1. Work through the residues other than L22 whose Cβ is under 13 Å from its Cβ and net out their charges, Lys, Arg +1 and Asp, Glu -1.
2. With each pseudo-label sitting 7 Å past Cα toward Cβ, what's the A42-E69 distance in nm, one decimal?
3. Eigenvalues of the Cα gyration tensor times 5, then square-rooted: what semi-axes does that give for the range 1-61, in whole angstrom, largest first?
4. Taking 7 Å along the Cα-to-C-beta vector as the label spot, tell me the M1-Q20 distance in nanometres, rounded to one decimal.
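We did not get these values from a lab; they are worked out from the coordinates using the rules stated. All values reported here derive from a predicted model rather than from experimental measurement. Heads up, the Cβs are rebuilt from the backbone with ideal geometry, glycines too, and the neighbour counts pull from every protein chain shown.
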Amino acid sequence: MRYRMIEELSKTHAVGDLCQLLGVTRSGYYAWCCGSETSRDANNRKLAVEIKVVFEAKRGRYGSPRITEELRNNEDALVATPEGALL
């Protein structure tokens, strides 16, 4: 959200000033502009796929606690990120 705001306002204001005002780094903004995916974003994307697979396998009847338990029982699953944040 902040990066998008900087992108819009950068047409009329200096990027460095906007980054300082919004409390983000210029390097973070420029990395976002280049579209590079962070490792956390990549893990969240993979975890979202795993959550969807479990949810569909259980015909939409599992909620977040049961999906979390199912993923933790699956040794191949990525459980470094709290599932509740993605559910």
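1. 0
2. 3.3 nm
3. That gives 36, 12, 9 Å for the three semi-axes.
4. For the pair M1/Q20, the computed spacing is 2.4 nm.
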